Amino acid sequence: GQLVLAAVVLANKTRTAEREEQSIRVVSLGLGTKFMPRHPALADGAVRERIRDSHGEILARRGFMRFLYKELAKAASSGNDGGSSILIGSIKDGFSLRPGKTVHLYVSTAPCGAASWSTTMDSEEQEDEAPKSQSNKNLLYAKGSQPSKATNDGEGLERKIAPCPPGCYHCNPEDVLGCDGLSLSCSNKVARWQVTGLQGTLLSNFIKTPIKLDTITIGRKLNVKRCTDALQWSPTSEPPRILVGGRRLETTLSLLRKQLKKGSHSPLAASQGGSLDVGDGDESMTWTLGDDRPCWHDGRTGGTLIGGPPQSLVSGAMFLESWNNFRKKFGEIPIATYREAKQIASEANQSRSDLRKSLQK
């Protein structure tokens, strides 16, 4: 099989009296194609010490969330101008992305689910044409096989919209904001980010303006119409611009090689020479700007590998620790579990409520 490499890239545009300058930097990387089966994921429960979804774009986004926690700490201690942070604002009024900065996603292949599933036998030459048999807009797919007790309400739904993309099954609109043990397809998750933001539920307590993708660059399996449909759900969402396919992270990776320590577990090992056509193991990787080396874990179990930290640096448990540390600085009581914290944060997140309503219509 093919490895899936994804990166979140931050672009900064500055204007002087003489000219406009733009710089870019990779702030997170994710590498992987696996996810935890339903029952082990349920056993992880409210603690969230394990990584449930280890597809590349999901890991890159989690690495970006970790980056945001660092940036939030800098902004909160620097006054309304945010100092050197990419965020500006205040605890009272909330934070937002600094003007002139935009966020972009690179993924080596079209996200799993609707964005990569052709309902016609398209040839390579027809990849820029729309599938003729059905639209994939607003359809929800979960990774894996249908559980023995269906999560949807039934036969009528299955008759109307069957079949599914390979490796997926249909799920209910109620599952769009998360269902314990269920991992939505990457297409659905990217579409959700364009409504609720890349910052996630916990950080939305402090980052009041959702951070959304400006562009997505897809390396292979690109069908512009199919991807655009799959990554836009409702009038409230803002579809990212889908860029030309066939692009690789060659320039970015060459710069990144100088930053990462090389070893037997190098995130660049599979991409030497520009190829991602090797391996289909369970090992998955995340890296965040500032790390001197990547963090590896087992994509099937969600646990870190021998020699690594006790738990992944992008696990829910680690995010909860960062969130509680931030809350304590401002006299708020720490929350015991990730599930409880997410529930508290969700109640104040209007974009999540709007998304659920739009998909239930």
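Taking 0.36 nm per residue of sequence separation and removing the Cα-Cα distance, the ASN325/ASN12 pair yields an extension gain of 109.8 nm. Between CYS179 and ARG98, the modelled labels are 4.2 nm apart [label points 7 Å from Cα along Cα→Cβ].
Can you give the net charge of the other residues whose Cβ lies under 10 Å from the Cβ of ALA317, counting K and R as +1 and D and E as -1? Residues near ALA317 contribute -1 overall.
Which net charge results when you count Lys and Arg as +1 and Asp and Glu as -1 among the other residues whose beta-carbon is under 14 Å from that of SER96? Value of the local net charge: +2.
Note on surface exposure: MET285, MET318 rank MET318, MET285 by accessible area, highest first, 1.4 Å probe.
The residues packed around THR14, meaning those with a beta-carbon under 13 Å from its beta-carbon, carry a net charge of +2 if Lys and Arg are +1 and Asp and Glu are -1.
The values are calculated or read from the model by the stated rules, or taken from the named source; none is laboratory data. Since the model is a prediction, treat every value here as computed from it, not as a measurement. Don't worry about glycine lacking a Cβ; one is built from the backbone with ideal geometry, like all the others, and counts go over all protein chains shown. Note: areas computed on protein heavy atoms with side chains; ligands, DNA, RNA excluded. Shrake-Rupley method; radii C 1.70, N 1.55, O 1.52, S 1.80 Å.
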